[in-house]
Each structure stands twice: as structure tokens, then as C-alpha cells.
Amino acid sequence: MKIIDAHLHLFDLQAGEYRWLSPDNPPFWPDKPVIAKNFSESDLVVSAPDQLSGFVHIEAGFDNAKPWREADYMAQHCHMPFRAVAGFDLLAGNNQHVISELLKRPCITGVRHILDDEAASVLNDSEAKASLALLAEAGLSFDAQLSLYDTAGVQALSAVAADFPAMSFILNHAGFPLADKNIKVWQDNLKALSRADNIAVKLSGWEMHNRQWRADDIAPVVNTVHQYFGESRVMTGSNFPLCTWHSDYDAFWRTITEAVPAVCAEKWLSENTLDWYFG
């Protein structure tokens, strides 16, 4: 099966900053040392009959002040087809300059501001809305990372998606469904987001809230995402190298290729990522 990984990170600790990987900085995960090392394209190995045909690199804090430098590094060191999602501060005041630099790099097709618990306050901010308007005008997408147990954050995301209907918004890690046992809140908020045609979902990041997740844990999530987002608005990503807390890269994809519905496997595993990120 052809795979285009919709969500991964590569690290070069000698070339970039990656302040969050320092043991002195949050997040204070006890197993952070497992991933606090170099990871390159050569580590992305899958076994036949699966074939990795490309990937989307998500910003990893290489240089937060000049986020385009991460894409420059990727362009110099990667040989596989890829697209990059650059780091971006929606609340910063110099975003026209940043966007101008991002647009000079054809591999950059979108940006991410990690929203997490601040989703509502950030997305409702007038400065953030001004930044989103600039991003929309530039034709860049926005990777939204927030919990779907945060209803206020979901409402704010729905509002900005409605404000910028020509802009693509891509929900990271399916909104962390494994973060809480009250799955109905997640389901209801996922359904609310599904009403916006310009929002897509990435199935990824399972290990963020369950290092020992099993196929049975994600099956109801996969079914619900399929129910609400259908065949054309769902992508699959590894969140490499964080997925290695659970299993190696090859084993991860063996599990995922078996978990996705057969009727939309080609779309979810590769074609939709081409449509939403590669253009």
C-alpha cells in the first residue's frame, strides 16, 4: 500500500534549537529522552508491500524566530517528496514578513500554532484573526492542534473556519480522542467540526495520551471519523518519532494500514494528503 505520512518530525540537534526537547523545558515527559536525539529521513523505513512515497514535515521548533530555516534544512537533507508545515505565532506582530519568507519556499504549504489549552483565547484574539486573514490571502493552510474535549476551543475553530472558507484547516491528532474516557464530548465536537468542508482530520498522535494503545482502542475513533468526515477529509500520520514510544515506524504503519476502512484506504493513506498538502 502506498503511504504518504501526513504528520512527522525530523530532528537534527546540532543544526536546530529544539528547546522543548531539553530536560529543563516543558513538556516534562519522563520518556522524553527516548526522542531527544537525531532522526532523519533514513529512519523512515516500512516493509513491503507497503511503500512510503512522501511525507508532511510538521514544525518541531528548529528555529521559532525564523521558522523558514527548518524548511531550508529539510530541502537540503531530504530526497523523498515532502511538504512542510512551518511554525507560526498567530499573535506575533511581524507576520507579514514571516509569511513573505515562507512563500519563498515552495515546499511550505501551511503553518502551525500549537493551540492546546489556549485554543479559544488565541483564535478569538483580533491579532490572530488578522494573521489568519494574511495566511488565507497567501494560500497557506493551518494545522490546528487542540483537544476536542475543549468545546470553547472547538467553537472558536469552527468560527474561524467559517470566516475563511477558502482556507484549509487541518485538525492534528484527531483532537486527542484518547485523552478522556467521556468520548461523547469528543464525538459531538468532531461532528460540529465536520460541518465545515474546509476542515480535515489527521489520524495520528495516539501515543500522546496512551503509550500502550492498541488497535481496539482506536477502532471506535476511526469509525467515528469515517462517519463524520467520510473518505476525502481524513489523513493518516505517524507523529514520528513520538510514535516510537509505542512501536517502531514499520510496526506503526502495519497497525494503521489494517485499522483504516478498506473502502477508503488509498485515500486516507496517501491520496488525501496529496490533495490537502501537496496541491
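The values are calculated or read from the model by the stated rules, or taken from the named source; none is laboratory data. Just so it is clear, the model here is predicted, and its values are computed rather than measured. Because the Cβ atoms are built from the backbone with ideal geometry, glycine has one as well, and the counts that use them run over all protein chains shown.
Of all residues in the stretch 32-70, which are surrounded by 12 or more Cβ atoms within 10 Å (Cβ to Cβ), more than 24 Å from LEU274 (Cα to Cα) and not basic (Lys, Arg)?
Once the filter is applied, which keeps residues that are surrounded by 12 or more Cβ atoms within 10 Å (Cβ to Cβ), more than 24 Å from LEU274 (Cα to Cα) and not basic (Lys, Arg), the stretch 32-70 yields VAL34, ILE35, ALA36, ASN38, GLY61, PHE62, ASP63, ASN64.
Regarding ALA179, is this residue within 18 Å of VAL201 (Cα to Cα), surrounded by 22 or more Cβ atoms within 10 Å (Cβ to Cβ) and under 19 Å from the mean Cα position of the chain (by Cα)? I'd like the intermediate steps shown before the answer.
Details: within 18 Å of VAL201 (Cα to Cα): yes; surrounded by 22 or more Cβ atoms within 10 Å (Cβ to Cβ): no; under 19 Å from the mean Cα position of the chain (by Cα): yes.
So ALA179 fails the test.
Of all residues in the stretch 13-40, count the ones that are assigned to a helix (DSSP H, G or I), touching a Leu at 6+ places or on another chain (Cβ under 8 Å) and closer than 17 Å to HIS246 by Cβ.
1
Which pairs do you get when a residue that is modelled with pLDDT of 95 or more and surrounded by fewer than 16 Cβ atoms within 10 Å (Cβ to Cβ), found in the stretch 112-130, comes within reach of a residue that is assigned to a strand (DSSP E or B) and not acidic (Asp, Glu), reach meaning Cβ atoms under 7 angstrom, with the pair 6+ apart or on two chains?
ASP116/GLN145
Looking at TYR18, TYR73 in this structure, which one is more than 16 Å from the chain's Cα centre (by Cα), surrounded by 13 or more Cβ atoms within 10 Å (Cβ to Cβ) and on the phi > 0 side of the Ramachandran plot? Before the answer, list the steps.
Values: TYR73 fails: on the phi > 0 side of the Ramachandran plot.
Step by step, each of TYR18, TYR73 is checked, and only TYR18 is more than 16 Å from the chain's Cα centre (by Cα), surrounded by 13 or more Cβ atoms within 10 Å (Cβ to Cβ) and on the phi > 0 side of the Ramachandran plot.
Output the number of the condition that ASP143 fails; it satisfies all remaining conditions of (1) farther than 25 Å from PRO177 by Cβ; (2) touching a Lys or Arg at 6+ places or on another chain (Cβ under 9 Å).
(1)
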